Every structure is written in structure tokens, then in C-alpha cells.
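To keep things clear, I will list the structure first and then write my remarks on it.
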Amino acid sequence: MKLRLLAGLSALVAAAGLSACSSSGSGDGESGGGGRTSIDVWLMRDSVSADFQKEFEKGFEAAHPDIDVRVQIQEWDGIGEKVTAALASNDAPDVIETGNTQVAQFAQSGGLWDLSDKVGELGGKAWLKGLAEPGAFEGKQYGIPYYAANRVVIYRKDLFEKAGVDASSIKTRAQWIAATKKLNKGAQQGMYLPGQNWYTLSGFVWDEGGDLATESGGTWKGTLDTPEALRAMTFYERLQGLGKGPKDSDEAQPPQAEVMAKGKVAQIVSTPGGANVVVQNNPALKDKLGFFPIPGKTAGTPGAVFTGGSDLVIPAVSQHHDAAYAFVKELTGDAWQKKLAVAMSYVPNKTTLASAVAGDPGASAMAVGAAVGHATPNTPGWAAVEAKNPIKDYMTAVLAGGDPAREAKKASEAITSAMKSGS
């Protein structure tokens, strides 16, 4: 699984002020052969395999012989600008896959069809919170949860066994720290955690009951300086200090999976796909890697995680709302969600479908965390925060010895300013 699934980055675009068109609900417009309605669908690169796409299209068209599906695979690079332009035109596709945290931006423009009245029949009560919440904007549901992915702990089975550590017994943060200390001997790192892994810090903030930013009276404000967020940073500092990860860079600089592949690292926090990168760089570690969910504060609740992944949206200007909705309903329905999860090692869009990945160690570990997952603050202005990312600078400043309260206040002010400029 590509690490971009967890990026969840909103594209830096200025959404045009569009008025939402009303649904035709009739399937009028361009049709395929035999009077079939043709719908254009944008799916993102690597979100589905060629085999799954072929299987789904065949199954969907058999169930809906009056609809012809035309899937176009899009690249993630530059997709925000492309979607914004499409929504502002009269030639938008009928269904678009978008990163879950991008939905608010596109909804703000008025360019998406409101699907609020479809939530019940789509099983919305069981949707993953980290996909459903960012799919809504100002009380209306525009994005339908498609699939999820999140971080877990990837660990070396052999190093754990040698240190006498049972990974299955690590259920709390305190147990995680104790185990990591046992693993942290000599040249071996019990944990490789770079100083700017801000998605991991976010999970700790949510565990403490805090958030990165909150809204009051229509105004968003950065909240890294709250007691909850400060406690989260204190825990991050303890965990990060048990390894030799750089304080001034993130998990991509250097690539943490490549660091683990060198053989001296017992754990990293990553998507399960990171294990494939480790093995590619060091085939001797094949079958020596395992996974467990990020531990929470108490044994009864796993650690909160940032839920990356995608939602499906329908442009307001689509002339085929009924056909587009039929496509979304099928692809996000239980039957195809189970098949997608197995085929792609994704977390299904509902908590009730977690058993579908029981046979996949990495995906099943993700599913545990996804059940209590979150998304970044649901405001169009968050894109500007991620562009400047004062959270990374804050983390480095604290890890380098800066006063946590002072640095958190500066970071919160920077987050507030960025959200204002990006809204």
C-alpha cells in the first residue's frame, strides 16, 4: 500500500464560488449503445488494481444493464486543481474519488451533490468516523466513505523474541514504553521515530481528548497549546527519545522503512505497506515482521490514529445523478467493500466489516485503530496549515529543548493564521 494513502493532504486550491445545480435525477444526456446511460468515473492511481476494476465493472454492469461505466484513472499529483476546474465546468465526471480531507474544500464551492438523504440506506451509522466526518460539510454529507488506511506498529518478531517481549501483550502506552526500553540495547534501537511524524502525534493528541484545532462561532483556532495537546507532546518526546530518529525531519527523510531494513531497528510507526519496503531493501527480513495497533492510554481502547483514505463524491453538474449514485452505492456497499479490502489490504468503510481482513495481519491491525480513527480538522482552511506545517516546526523545537508551552502557543497561532488565509 502506498504511503500516500495516509497523507490525506488537501490540495492548495482557491475554490471558485459556484452555485449547486439541482439534480436532474433522470439520467438524461449522453448515452451509450442501446440507450444505456454512460457515466464517467475518476478513480485514483493505485486505489484499485486492474483486476479488481475489471471485476467490479463487469459485476456492476451485469446488475445495472442500463448503465455503461467509463473509469478514468487519475494521478494524485495536481488532482486538487483538476477537480476544482471540473466542478466549475459543465463537463465534470459523474463520480470522483477524492482524499477524505479534500471534501470540505470542494463542498465549500457548492460544486458537490448533497447526499445527506442517502446516509441511512448506505449504512452510515457504521461508517468509520475518520472517513464520514471529513465527508460532511456544514451539516450535510457530500462524501461517501470508500476505503481507509492508517498507521500501525511494524515490529521485528525476532528482536522481540530475543528481548523476551510479547507483542500481543502490548495494549497500553505504558506497556509500549516498557517494552521499547527492553528492546533498546546496544546498537539496537527499540523504536525509530523521527521528530516530525506529526500524524502520530495527532493520534496522541486525540487520545488525550484534545485536537489540532477547534471551531467556535464559525471561527477556527489552533489548539496545540491546550493541556491535552501538551500531554500528547510529552508522551511523543518520551517515545522518540528511545531511538535515534532525527529531530528535524519526518518519516520520509530518510525513508524510515529503509532505516529499519538496515537491521538495527525493532519498531517503526507506519502503514503496513512499509513492511514491503523493508523486505524489498533487506530480503533476509521476510517473515520476520509483524504488526500491532498503536496502543492507547488504557487496555480497553486502542490508540487513536489519523484515518487516511478516500471518499466518493458526485458533482452537482453531473447530468446522471441517479446512475452515479447507483455506482457509489454498489462500490461502497458491503459486498464490494469486503472484496476490495481483501484485494487491496484496505480497511473497509464500516466498522461492521472489519472481519473481512481478519486473515491479513497488517490490515487487521489497521482496522482496530480505524475504529477509533480521526481526520484532520474539517475546514477548507486546513490545506494551508499542511502547506506550511507549523506542527513539524513545533515538534522539532520541543525535541531540541525548547519550552513546550511557549512553542505550542507559537504553533497554535500559526495554525490559526494559516486557516484564516486558506478559507
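Without any contact (Cβ under 8 Å) to a residue 12 or more places away in the chain and either over 15 Å from the mean Cα position of the chain (by Cα) or surrounded by fewer than 22 Cβ atoms within 10 Å (Cβ to Cβ) (or both): is that true of residue 358 in this structure? Criteria met by residue 358. In the set 157, 125, 129, 118, only one residue is farther than 28 Å from residue 337 by Cβ, at pLDDT 95 or above and not small (Gly, Ala, Ser); that residue is 157. The set of residues in region 317-335 being more than 20 Å from the chain's Cα centre (by Cα) and among the aliphatic types (A, V, I, L, M) consists of 317, 323, 324, 326, 335. Considering every residue within region 126-138, establish whether at least one is outside any loop (DSSP other than H, G, I, E, B) and surrounded by fewer than 19 Cβ atoms within 10 Å (Cβ to Cβ). Yes, that holds for at least one residue.
When the test is whether a residue is in contact with an Asp or Glu (Cβ under 7 Å, 6 or more places away or on another chain) and either part of a strand (DSSP E or B) or open to solvent by 10 Å² or more (accessible area, probe 1.4 Å) (or both), residue 319 passes it. Of the residues that sit in region 185-194 and are touching a residue at least 40 places away in the same chain (Cβ under 8 Å) and of a type outside the set (Phe, Trp, Tyr), which one is most open to solvent (accessible area, probe 1.4 Å)? Going through the qualifying residues, I end up with 187. Once region 240-265 is narrowed to residues that are of a type in the set (Gly, Ala, Ser) and touching a Pro at 6+ places or on another chain (Cβ under 6 Å), the residue that is farthest from residue 163 (Cα to Cα) is 249.
Scan region 369-385 and give yes if some residue there is aromatic (Phe, Trp, Tyr), under 19 Å from the mean Cα position of the chain (by Cα) and within 30 Å of residue 417 (Cβ to Cβ), otherwise no. Yes, that holds for at least one residue.
Here residue 369 passes the criteria (1) of a type outside the set (Lys, Arg); (2) outside any helix (DSSP H, G or I); (3) under 25 Å from residue 76 (Cβ atoms) except the one numbered (2).
Of everything in region 300-316, what is over 12 Å from the mean Cα position of the chain (by Cα), open to solvent by less than 10 Å² (accessible area, probe 1.4 Å) and polar (S, T, N, Q)? Give them in sequence order. None - no residue of region 300-316 is over 12 Å from the mean Cα position of the chain (by Cα), open to solvent by less than 10 Å² (accessible area, probe 1.4 Å) and polar (S, T, N, Q), so the list stays empty.
Give the residues of region 333-348 that are in contact with an Asp or Glu (Cβ under 9 Å, 6 or more places away or on another chain) and either at negative phi or outside any loop (DSSP other than H, G, I, E, B) (or both), sorted by residue number. Correct list: 336, 339, 341, 342, 343, 344, 348.
Screening residue 83 on (1) farther than 29 Å from residue 220 by Cβ; (2) open to solvent by less than 40 Å² (accessible area, probe 1.4 Å); (3) of a type in the set (Val, Ile, Thr) shows it passes everything except condition (1). Would you point out the residue of region 45-63, among those that are in contact with an Asp or Glu (Cβ under 8 Å, 6 or more places away or on another chain) and open to solvent by 40 Å² or more (accessible area, probe 1.4 Å), that is nearest to residue 340 (Cα to Cα)? Among residues in region 45-63 that are in contact with an Asp or Glu (Cβ under 8 Å, 6 or more places away or on another chain) and open to solvent by 40 Å² or more (accessible area, probe 1.4 Å), the one nearest to residue 340 (Cα to Cα) is 45.
One residue is enough: does region 167-176 have a residue meeting the conditions in a loop (DSSP other than H, G, I, E, B), touching a Ser or Thr at 6+ places or on another chain (Cβ under 9 Å), open to solvent by 50 Å² or more (accessible area, probe 1.4 Å) and closer than 19 Å to residue 270 by Cβ? No, that holds for no residue.
Strands (runs of 3 or more DSSP E) fully within region 195-283 that include at least 3 residues being at pLDDT 95 or above and crowded, with 18+ Cβ neighbours inside 10 Å: 267-270. From the list 164, 120, 130, the lone residue that is small (Gly, Ala, Ser) and within 19 Å of residue 324 (Cβ to Cβ) is 120. Close contacts from region 48-66, counting a first residue that is in contact (Cβ under 8 Å) with a residue 12 or more places away in the chain and a second that is part of a loop (DSSP other than H, G, I, E, B) and open to solvent by 50 Å² or more (accessible area, probe 1.4 Å), with Cβ to Cβ under 7 Å and a gap of 6+ residues or different chains, come to 66/36.
Among the residues of region 87-101, those that are open to solvent by less than 10 Å² (accessible area, probe 1.4 Å) and either more than 15 Å from residue 328 (Cβ to Cβ) or outside any loop (DSSP other than H, G, I, E, B) (or both) comprise 87, 95, 96, 97, 98, 99, 100.
A search for C-beta distances below 7 Å between a residue of region 402-423 that is within 17 Å of residue 201 (Cβ to Cβ) and touching a residue at least 40 places away in the same chain (Cβ under 8 Å) and any residue that is among the charged types (D, E, K, R) and not in a helix (DSSP H, G or I), counting only pairs 6+ apart in sequence or on different chains, returns 405/225; 408/225; 409/225; 412/225. All conditions but one from (1) within 30 Å of residue 90 (Cβ to Cβ); (2) free of Cβ contacts under 8 Å to residues at least 12 places away in the same chain apply to residue 118; the one that does not is (2).
The values are calculated or read from the model by the stated rules, or taken from the named source; none is laboratory data. Because the structure is predicted, anything quoted here is derived from the model rather than measured. Ideal geometry is used to build each Cβ from the backbone, glycine not excepted, and the neighbour counts take in all protein chains shown. Accessible surface areas use protein heavy atoms only, side chains included; no ligands, DNA or RNA. Shrake-Rupley method; radii C 1.70, N 1.55, O 1.52, S 1.80 Å.
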